[in-house]
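The values are calculated or read from the model by the stated rules, or taken from the named source; none is laboratory data. Not measured: the values here are computed from a predicted model. Don't worry about glycine lacking a Cβ; one is built from the backbone with ideal geometry, like all the others, and counts go over all protein chains shown. Each accessible area value is taken on the protein alone, full model and side chains, heavy atoms only, with ligands, DNA and RNA left out. Shrake-Rupley method; radii C 1.70, N 1.55, O 1.52, S 1.80 Å.
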Amino acid sequence: MNVSHILTVTKNEDQGAGYFHLVARAPELASAARPGQFIHVLCAPGVDPFLRRPFSFYRLRPEAGEVEIYYQVVGKGTHLLSQIQPGTKLDALGPLGQGFPLDPKAQRILILGRGIGTAPLIALAEAARAQGTGVSAILSARNPDAIIGDRLLASWGVEVTTVTDESGTSDPAQVEPLLAAALDKPGTAQAFVCGSRRLARLLRRLAAARGIPAFGSLEERMGCGLGGCLVCACRVRTPEGETYKRVCNDGPVFPLEEVVLG
Amino acid sequence: MKPDLSVEICGLKLKNPVMPSSGSFGLPGYEEYMDLNGLGALVVKSITLNPRLGNPPPRIAETTAGMLNAVGIQNPGVKWFIENDLPLLKRFTPPLIVSIAGTTVEEFAQATELLEKEEGIAAYEINVSCPNIEAGGRAFGMSAAATQAVVAAVRKRTRRPIFTKLTPNVTDIVEIAQAAVEAGSDGLTLINTLLGMAIDVKLRRPVLANVLGGLSGPAIKPVALRCVYQVAQAVKVPIIGTGGISSATDVLEFLLAGASAVQVGTANIVDPYAMLKIIADLEKYLAENNVASVREYIGALKTH
Ligand SMILES: Cc1cc2nc3c(=O)[nH]c(=O)nc-3n(C[C@H](O)[C@H](O)[C@H](O)COP(=O)(O)OP(=O)(O)OC[C@H]3O[C@@H](n4cnc5c(N)ncnc54)[C@H](O)[C@@H]3O)c2cc1C
Ligand SMILES: Cc1cc2nc3c(=O)[nH]c(=O)nc-3n(C[C@H](O)[C@H](O)[C@H](O)COP(=O)(O)O)c2cc1C
Ligand code: FES
């Protein structure tokens, strides 16, 4: 499979709180991609920045031939990306990685996102909804402006609970009862987390106690994005002992019970 | 007429002079994304006698026109390689070059012995850039004597061609090259990465968990060219040039400096299709300039 694509940006808008929403035309990519997978983007032509930047799919719209990402400006690459005008071509590799293993028969799933980490969970929630699976959402961020996807989820009829640092509600100790209640909702078959190692540890513990399979989408600095350079190491437990897996190719989604969340 | 891209190096017939450098290209793995049979040769990630976990992350740092890596030769060990990877890699037509690394001379020797029992391996590349634990962790390739000891140990166990891959982190690379050739190396690959580091000012910490890492990419091309040129002046064996190659003209520069073939590393990390593009561009360049064979460039540098 050819994983090299030229995307045409159709929208790249400032969403406030340092976030941008980018929509691009890429029909092949849109049909091939699954929630939890990502694209590896050259943010500008030339050698500066030198490496690609990974971004998860925020929404996949094969019927429109479009993919969407939601990103936070944090450094050189994302700053350059935020300057791109509609009509610009973007060089991207994708779809890369293993997506979320959404159970087609799940009655309900739980998503737990923090900050920009909620982005891939939106694509997952949309896919869940399309197959008739219910979604419960707990979203965390510094302040209400930094919560993403809450309105979209609400428009889909998803019950969203938000917690923030500003209101003093986002501490794991305070999230614990909310998360426990959400997991205990009848039919909850799987749980997914992204954007916080602390929340991932919390989910791992609560989900394990209930026998609910839980998965996290992880981040690590990447080179190739295709499994070839071994720089994106993630420590995992296996029956033979601890080892490193590749976030780009073995992940970015891993069963939480497998990963060492340092 | 179609220009001839083929080269021959230590008896290996390559349909073009471009191959991946060890550790930068998933072998096996990338057959999923492209036709590997278009490449001049296949070079695998360095294999050690025993499995190696590698370094903790972060293992990569972006630099100006390049990158630092500190993977730490993560690999599943030679037995696993033979059982799992080799059968897949044997199916491709380009000659297969297996890179061997080790932390003692004995490890190189034992890994070679195990690989010698297998078919489908065209040559070995000896990665002497790893720390020699019998010399306080100094890389083998930083000492002529240690390089010689490793090459001699492998030489004793194989008749397959050996390419010793030299590190640029030395005072005089020519001295090390000569030592490798004297010990029986049929060819040389140069260069491996340059030792470097990156610092995060906000955190006041090194970017790499390993603190130090190997610099690669376009930033190191002038150093690599210089090394190839100096060594080509001093030894008669064929050289595979590597370091910062990302275009067809880069390839020709290395051939002019004295290389007979080249390896592409970091360019693959930015674009997995880089080598296929370089090979197509090379053919186009030669055709446009009425050059019949790429071999015309090898060592053809005019210095006055
Ligand atoms: C699988 C995956 C999916 C991601 N999805 C999203 C997303 O949907 N939205 C979003 O805003 N961000 C996402 N990220 C994080 C995003 O890749 C980084 O924010 C981005 O690379 C930063 O680049 P920069 O040049 O702006 O920052 P700089 O700090 O200048 O980057 C320097 C280097 O560090 C790397 N780097 C910095 N932060 C991260 C990070 N958090 N993860 C991995 N590499 C990093 C960069 O790629 C670059 O190589 C994802 C990361 C991964 C691994
Ligand atoms: C991520 C990474 C991993 C590497 N692993 C190895 C290795 O296992 N063995 C080896 O001999 N060289 C290794 N190298 C060095 C390359 O093969 C090559 O010699 C070097 O990067 C210079 O070439 P380049 O600038 O084209 O990358 C590695 C380089 C990178 C970037
Ligand atoms: S980024 Fe190269 S293996 Fe994951």
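I'd like to check which strands (runs of 3 or more DSSP E) are fully inside the stretch B:197-304 and have at least 1 residues that are within 16 Å of ligand 3 (Cβ to nearest atom).
B:212-216, B:261-264
Is it the case that some residue within the stretch B:151-160 is under 28 Å from B:V251 (Cα atoms) and out of contact with any Pro (no Cβ under 9 Å at 6 or more places or on another chain)?
yes
Check the stretch A:14-36 and report whether any residue there is within 16 Å of ligand 3 (Cβ to nearest atom), open to solvent by 20 Å² or more (accessible area, probe 1.4 Å) and within 26 Å of A:G251 (Cα to Cα).
no
Across the stretch B:215-243, which residue is farthest from the other protein chains (Cβ to nearest Cβ) among those that are of a type in the set (G, A, S), away from ligand 1 (no atom under 16 Å from the Cβ) and open to solvent by less than 10 Å² (accessible area, probe 1.4 Å)?
B:G241
Being within 14 Å of chain B (Cβ to nearest Cβ) and among the hydroxyl-bearing types (S, T, Y) is the filter here; which residues of the stretch A:1-46 pass it?
A:S4
Which of the residues spanning the stretch A:208-230 are at the interface with chain B (Cβ under 7 Å from one of its Cβ atoms) and under 18 Å from A:A180 (Cβ atoms)?
Selection gives nothing.
Conditions tested, residue by residue: (1) within 14 Å of another protein chain (Cβ to nearest Cβ); (2) open to solvent by 20 Å² or more (accessible area, probe 1.4 Å); (3) polar (S, T, N, Q); (4) more than 13 Å from ligand 2 (Cβ to nearest atom).
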| residue | (1), (2), (3), (4) |
| --- | --- |
| B:V44 | yes, no, no, no |
| B:N55 | yes, yes, yes, no |
| B:P58 | yes, yes, no, no |
| B:Q74 | yes, yes, yes, no |
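Please determine, by comparing only the residues of the stretch A:248-262 that are closer than 23 Å to A:V3 by Cα and within 12 Å of another protein chain (Cβ to nearest Cβ), which one is least open to solvent (accessible area, probe 1.4 Å).
Result: A:C248.
Restricting to the stretch A:48-75, name every residue that is exposed (fewer than 14 other Cβ atoms within 10 Å of the Cβ) and near ligand 1 (Cβ under 7 Å from one of its atoms).
The answer is A:V74, A:G75.
Mind counting the residues in the stretch B:260-273 that are more than 21 Å from B:G214 (Cα to Cα) and within 17 Å of the chain's Cα centre (by Cα)?
The total comes to 2.
Return the residues of the stretch A:202-247 that are small (G, A, S) and either away from ligand 2 (no atom under 16 Å from the Cβ) or open to solvent by 20 Å² or more (accessible area, probe 1.4 Å) (or both); say none if nothing qualifies.
Answer for the stretch A:202-247, where residues must be small (G, A, S) and either away from ligand 2 (no atom under 16 Å from the Cβ) or open to solvent by 20 Å² or more (accessible area, probe 1.4 Å) (or both): A:A207, A:A208, A:A209, A:G211, A:A214, A:G216, A:S217, A:G241.
Evaluate the following for B:V18: is it away from chain A (no Cβ under 14 Å) and within 13 Å of ligand 2 (Cβ to nearest atom)?
yes
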